[in-house]
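The values are calculated or read from the model by the stated rules, or taken from the named source; none is laboratory data. It should be emphasised that the depicted structure is a prediction, and the values quoted were computed from it without experimental measurement. Here the Cβ positions follow ideal geometry from the backbone for every residue, glycine too, while neighbour counts run over all protein chains shown. Just the protein is used for accessible areas: all its heavy atoms, side chains included, with ligands, DNA and RNA removed. Shrake-Rupley method; radii C 1.70, N 1.55, O 1.52, S 1.80 Å.
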Amino acid sequence: MSGRSDKSLTRQKLDRTLKPHWVWAIALGSSIGWASFVMPANWMGDAGPLGVILGLTIGALLMIVIAISYGVLIRGYPVSGGEFAYAFLGLNRTHAYISGWFLTLGYICIVALNATAFSLMLKFIFPDFIEQAKLYEIAGWEVYLTEIIITTLLIGIFAFLNIRGSTISGRMQFIFVAVLILGVLTITIGMTSSGDTSFSNLTPVFKPDMTALSAILTMVAIAPFAYVGFDNVPQAAEEFKFSSKKALSLIVLAILFAAAIYSMMIVATGVAMPWQELSGANHSWGTGVVVEEVMGTAGLIVLATALSMGIFTGLNGFLISASRVLFAMARGKVLPDMFARLHKQHNTPFYAILFAALISIIAPWFGRDVLGWIVNMSSVGVSIAYFYTTYTAYKLLRWNDQAHDYNPELHIISPWRKVVTIIGMVSSIAFLILLLYPASPAALGQESFIALIVWVVLGAIFYIGRRRELSKYTRDELAYLILGEDQYKLKKEEDEEF
């Protein structure tokens, strides 16, 4: 137990600059990213058109169930770090570290994956330009110096803009999302109304060699990956320039928009030609192929613009979140203090932003397939974070005011929300089972499973190395650093009362 006084602790604070529509754009843009434009042909090959649509729609509903827990916690604890802070609140510093460790990897990898998706798009449009200066081949993927340079520049630009402040990144995010939605609507209307397309190309609606249930579950299992991004909202909660009570409605609206965009892009891709033929062709960008054939160069330009916006929103949103998790973990003494330092002029966690950008720049050197294995593995980490959040919300909510530890300042009476948190916990566990159980139709591949083991081992080694530093701080001191002064005072009052 430390003998220091609470007043000796220094807690850095971020500026409140984010407006509601910017936060909605962060959630939606991060959820969509590049996948809705690049993956439709691949996903249809895994589950069939209706299997994808139903699976992702059910996944969206489950995400909304989980999001209710986020709404409860953001309202009471609007601090950076999100799930890291919630795991500490509901359990302890060890579980907070586990949650933050997985989130950091997942967020940084998605930054890199979005950046490499931009190079992939350019390779499709300008293959002769991109496929220059081949360096080597790894896991069947050819790595070109041109791709590395483009990816590095893109990540560097967004890192610079993020260091400049949340106002710039938030405003950009909203503009990008508006252009993205307009592009999706244009492509969907153009493809479905063309005389060269037919809805009959969407049959059979499920993959023939698997049951409808298996097809749907295959897509439900990737919901944590497909919708990861709505949980970027709690990472930015400390920077809200509005009441944190609005957070839940912004998250739900973003998830619904994301589900609609996924469905529209599946339909827009599938109506062009028999989907089995398209999936079997193994095009690097199946949607790009059919849109160019049906809508010509103009359609491809619209699609490429929408894809670029999806990439930019995902890259920007997850760079914000990765840096905020690093910032929160450092402020909570789990990581070195350097990551909690703020820029003197812009008051942004610039070391955390630079670190996230640097790791993201390194990742593409290993090839997109290797990066994909890591991202698939990160779905496990996201599901774990969802469980921590729903569990903490369950602990915070009360059936009634008769509970022995009821405190109106700390707890909320809401039986229906408490039931929803239970459903959220079950859903989180179900996602983990689907990903980790070998016989599951959505089980992780061997490469992703190995990556998961490596990351767990590295996390354990790093935590052991930090335990000595962590032991210098009491739980009350960490509560102040992680949750903030107001929450810390309430926590002390509760301890004294009970």
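Computed quantities for the displayed model
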| item | result |
| --- | --- |
| Any chance Ala357 is in contact with a Gly (Cβ under 9 Å, 6 or more places away or on another chain), under 23 Å from Tyr227 (Cβ atoms) and not in a loop (DSSP other than H, G, I, E, B) | no |
| Yes/no for Val228 being touching a Phe, Trp or Tyr at 6+ places or on another chain (Cβ under 9 Å) and modelled with pLDDT of 95 or more | no |
| Complete set of residues in the stretch 284-326 that are closer than 21 Å to Met44 by Cβ, assigned to a helix (DSSP H, G or I) and not hydrophobic (A, V, I, L, M, F, W, C) | Gly286, Thr287, Gly288, Glu292, Glu293, Gly299, Gly310 |
| Hits in the stretch 420-452 (condition: in a loop (DSSP other than H, G, I, E, B) and either within 30 Å of Trp399 (Cβ to Cβ) or open to solvent by 20 Å² or more (accessible area, probe 1.4 Å) (or both)) | Tyr437, Pro438, Ala439, Pro441, Ala443, Leu444, Gly445 |
| Verdict on Gln173 being within 29 Å of Trp365 (Cα to Cα), in contact with a strand residue (DSSP E or B) (Cβ under 9 Å, 6 or more places away or on another chain) and in contact (Cβ under 8 Å) with a residue 12 or more places away in the chain | no |
| Among residues of the stretch 44-93, those that are open to solvent by less than 10 Å² (accessible area, probe 1.4 Å) and among the hydroxyl-bearing types (Ser, Thr, Tyr), counted | 4 |
| Flag if Ile261 is under 30 Å from Gly484 (Cα atoms), in a helix (DSSP H, G or I) and touching a Ser or Thr at 6+ places or on another chain (Cβ under 8 Å) | no |
| Where a residue in the stretch 457-478 is among the hydroxyl-bearing types (Ser, Thr, Tyr) and its partner, wherever it lies, is outside any loop (DSSP other than H, G, I, E, B), with Cβ under 6 Å and at least six apart | Tyr463/Tyr97 |
| Residues within the stretch 22-58 that are more than 16 Å from Ile175 (Cβ to Cβ) and part of a helix (DSSP H, G or I), tallied | 23 |
| Qualifying positions in the stretch 167-215 - closer than 30 Å to Ser321 by Cβ and β-branched (Val, Ile, Thr) | Thr167, Ile168, Ile175, Val177, Val179, Ile181, Val184, Thr186, Ile187, Thr188 |
| Members of the stretch 12-35 found to be open to solvent by 30 Å² or more (accessible area, probe 1.4 Å) and more than 18 Å from Lys246 (Cα to Cα), listed by number | Gln12, Lys13, Asp15 |
| Filter pass, Leu213 being out of contact with any helix residue (DSSP H, G or I) (no Cβ under 8 Å at 6 or more places or on another chain), part of a helix (DSSP H, G or I) and open to solvent by 30 Å² or more (accessible area, probe 1.4 Å) | yes |
| Residue check for Ala47: in contact with a Lys or Arg (Cβ under 6 Å, 6 or more places away or on another chain) and within 24 Å of Val220 (Cβ to Cβ) | yes |
| Residue ID - modelled with the lowest pLDDT, chosen from residues in the stretch 134-167 that are closer than 19 Å to Ser30 by Cβ and surrounded by fewer than 17 Cβ atoms within 10 Å (Cβ to Cβ) | Thr167 |
| Whichever residue in the stretch 1-31 is modelled with pLDDT under 85 and in contact with a Gly (Cβ under 9 Å, 6 or more places away or on another chain) and, among such residues, is nearest to Met264 (Cα to Cα) | Asp15 |
| Any pair with Cβ under 9 angstrom, 6 or more apart, that starts in the stretch 232-251 at a residue that is over 19 Å from Asn347 (Cβ atoms) and assigned to a helix (DSSP H, G or I) and ends at one that is open to solvent by 20 Å² or more (accessible area, probe 1.4 Å) and basic (Lys, Arg) | Ser244/Arg75; Lys245/Arg75; Ala247/Arg75; Leu248/Arg75 |
| Selection status of Leu300, open to solvent by 50 Å² or more (accessible area, probe 1.4 Å), among the hydrophobic types (A, V, I, L, M, F, W, C) and over 19 Å from the mean Cα position of the chain (by Cα) | no |
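Here's the yes/no breakdown for (1) farther than 27 Å from Glu469 by Cα; (2) open to solvent by 10 Å² or more (accessible area, probe 1.4 Å):
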residue: Ser308; (1), (2): yes, yes
residue: Leu315; (1), (2): yes, no
residue: Val325; (1), (2): no, no
residue: Asn347; (1), (2): no, yes
residue: Ala356; (1), (2): no, no
residue: Ile362; (1), (2): yes, yes
residue: Val370; (1), (2): yes, yes
